[in-house]
1. With both bridge residues required to lie in region 8-99, what share of the DSSP beta bridges run antiparallel, to the nearest 5%?
2. For region 4-11, what does the Karplus curve 6.51 cos²θ - 1.76 cosθ + 1.60, with θ = phi - 60°, yield as ³J(HN,Hα) per residue in whole Hz, taken in order and with x for Gly and Pro?
3. So if each residue of separation counts as 0.36 nm, and I subtract the Cα-Cα distance between Trp10 and Leu27, what length gain in nm does that give?
4. Straight-line reach only, C-alpha to C-alpha below 18 angstrom: list the lysines that Lys52 could link to, leaving out same-chain residues fewer than 8 apart.
5. Near the amide H of Ser74, under 5 Å away, which other amide H atoms are found, from residues 5 or more places off or on another chain, if H is placed in the peptide plane?
6. Do any trypsin sites (Lys or Arg not before Pro) in region 1-55 lie in a loop, going by DSSP, with at most 13 other beta-carbon atoms within 10 Å of their beta carbon, and if so which?
7. For the chain, take the longest principal axis of its alpha carbons; what is the angle in degrees between that and the long axis of helix 90-99, to the nearest 10 within 0 to 90?
8. May I ask you to derive the relative contact order of the chain, considering only C-alpha pairs under 8 Å and at least 6 residues apart, and to give it as an integer percent?
Amino acid sequence: MRKLKVAFLWHEHQPYYKNDLTAEYTLPWVRLYAVKDYYDTAVILDKYPKIKLNFNIVPALLKQLDDYANYPFSDKFFDLSMKPAKTLIESDKLFIRNNFFHVI
């Protein structure tokens with residue numbers, strides 16, 4: 001019986017969420033996926049050393065990951081996440097309520 005050859009290609013992409021005029025990130029997805037999915041995908045491969053996998057990472061994603069890795073950056077979602085609850089003003093609370101619980 002012949003072996004089946006399978007190619008795994010993991011295409012990592014994100015839209016460009018940074019507003020270059022204000023230098024602010026308008027959505028948190030690159031940061032959130034970086035600490036969750038991107039890292040986990042690579043770590044899982046340690047359990048399967050015979051599997052060969054190709055990662056295709058688009059330039060816009062690399063640029064955004066570089067921004068986050070080389071703080072400072074402006075990201076309202078991150079800033080509000082780090083702010084002590086006692087110091088949140090009403091507009092902060094409203095932003096959190098309206099934006100922090102998206103289901104993707």
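Throughout, read-outs are computed from the coordinates displayed, never taken from laboratory work. All of these numbers come straight from a predicted model, not from anything done at the bench. Ideal geometry is used to build each Cβ from the backbone, glycine not excepted, and the neighbour counts take in all protein chains shown.
1. On the way: 2 of 9 bridges.
Looking only at bridges with both residues in region 8-99, the antiparallel portion is about 20 percent.
2. Going residue by residue, I get 8, 9, 10, 9, 9, 10, 9, 9 Hz, with x marking Gly and Pro.
3. On the way: separation 17, 0.36 × 17 = 6.12 nm, distance 2.27 nm.
That works out to 3.9 nm of additional length.
4. Qualifying lysines at Cα under 18 Å: Lys3, Lys5.
5. Excluding prolines and chain starts, which carry no amide H, the hits are Tyr25.
6. On the way: sites: Arg2, Lys3, Lys5, Lys18, Arg31, Lys36, Lys47, Lys50, Lys52; in loops: Arg2, Lys3, Lys5, Lys50, Lys52.
Those satisfying the criteria are Arg2, Lys3, Lys5, Lys50, Lys52.
7. Value to nearest ten degrees: 20.
8. Numbers: 75 pairs, mean separation 37.1, N = 104.
About 36 percent, as a whole number.
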